[in-house]
Structures are given as C-alpha cells and as structure tokens.
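The structure appears right after this line, and notes come after that.
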Amino acid sequence: MIAKTKTAPNRGSTEPTGDLGREAVEEISNELRRLLAEVFALYLKTKNFHWHMTGLHFRDYHLLLDEQAEQIFAMTDDIAERSRKIGGTTLRSIGDISKHQRLKDNDRATLTPEEMLCDLRGDNRELTRFLRITHEVCETHNDVATASLIENWIDETERRTWFLSQVVGGV
C-alpha cells in the first residue's frame, strides 16, 4: 500500500526551474501565452478555411491548408511546455485564448478561395512579427533555448507565408 502524503496544490507558476529570474520567467511566459493564443487562433482559422474551401483548385488548396494546419498545431505543445519548463503558466481555456489573441477571427459564411488565402497570408505575416517580438524578449533575458525554438517557428511561418503568396500572387 502506498502511503498518502499531504501536498500543497499546484497553482501553476512556482520557482524558476533554470537560471532565469522570476521577472524573466514572468515576462517570457506572458509573451509565450500571447503567442500560444495566436497559434491556436491561426490553427482554427486555417482549419475553418480548409473545411470550407471550394472552387476550381479545391483539392490543391484543401491539401495545402491541411498541411499548414498540422504544422501550426504542432507548435502549440512546444510553446506551452516551454512556458511550463521555465516555471511559468500557460493558457487554460478557449476564453483564455480569446483574451490573449491579437489575430482577428473570420466568421464570414462566404469567402472566395482567394479571400481565404489572402487572410491566412496576412495572419502568417503577423504571426512572424509576434514571433520576433517574443524572440526579442527572450534575448533580453538570455533565454537561448526559447529563442532557438522561436527561430525555427519563424522559418516555418515565413515558409507558409511564401507558399500562400505564391498561390495568391499580388492579390
């Protein structure tokens, strides 16, 4: 039989787990929380457009958006776990996402494929900007591990933007 011990409830953020100070952890995890909200918002918008794609190039666009959505979703766990690793907290609900997201939702019932792809191109550009802002915060606190992850995400996001730009051209 395993003896039960009384433990304090885990309230989320505790002491920093590495050599980052409390202020650094708070600032970085706040930026990561906002970044995670952006990534979830972009993921859902990308899936929305994937599900509602129509037209002549349906198959190509449908597959492109599915591939991009998978890549975007793959970022979520890494962002949240990085915040937890350094001693911070992360998002807890859909309401929390909406409180922190800066990218705009698109709930319009009818959009052309071009409108969808242009919207996603713009959001990926914005996400790149948000990633760079978070990277700057990490550099300020010498958090090279988080900065390194962000550099890869910037590259992936720029690639998505490039693909979408090639599809929609100058629109």
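Between residue 84 and residue 99, the modelled labels are 1.9 nm apart [label points 7 Å from Cα along Cα→Cβ].
Expressed as a whole percent, the proportion of Cα-Cα pairs in segment 12-85 lying more than 20 Å apart is 45%.
Calculated on the Cα set of segment 82-171, radius of gyration then Dmax: 15.7, 46 Å. Comparing 90, 134, 54 in a Gaussian network model of the chain, where Cα atoms under 10 Å apart are tied by springs, the biggest mean-square fluctuation is seen for 54.
Computed from these coordinates, which is Kirkwood radius over Cα pairs in Å: (1) 16.6; (2) 17.3; (3) 15.7? Given (1) 16.6; (2) 17.3; (3) 15.7, the structure-derived one carries the label (2). Residue 165 sits with roughly 30 Å² accessible to a 1.4 Å probe, with DNA, RNA and ligands left out of the calculation. For residue 70 and residue 145, the FRET efficiency from 1/(1 + (r/R0)^6), where r spans their Cβ atoms and R0 equals 22 Å, is about 0.35. Rolling a 1.4 angstrom probe over the chain with all protein chains present gives an accessible area of which 52% lies on carbon and sulfur atoms. Once the 1.4 Å probe is applied to the protein heavy atoms, the chain comes out at 59 Å² accessible per residue.
The gain in end-to-end length when the residue 22 to residue 155 segment is fully stretched comes to 44.9 nm, 0.36 nm per residue minus the alpha carbon separation. Taking the helices alone, the chain has a mean residue ellipticity at 222 nm of -24500 deg cm²/dmol, built from -39,500 (n - 2.57) per DSSP H run of at least 4 residues and averaged over all its residues.
The values are calculated or read from the model by the stated rules, or taken from the named source; none is laboratory data. Remember, it's a predicted structure, so these values are computed and weren't measured experimentally. Positions of Cβ are generated from backbone atoms using ideal geometry, with glycine treated the same way; all protein chains shown enter the neighbour counts. Note: areas computed on protein heavy atoms with side chains; ligands, DNA, RNA excluded. Shrake-Rupley method; radii C 1.70, N 1.55, O 1.52, S 1.80 Å.
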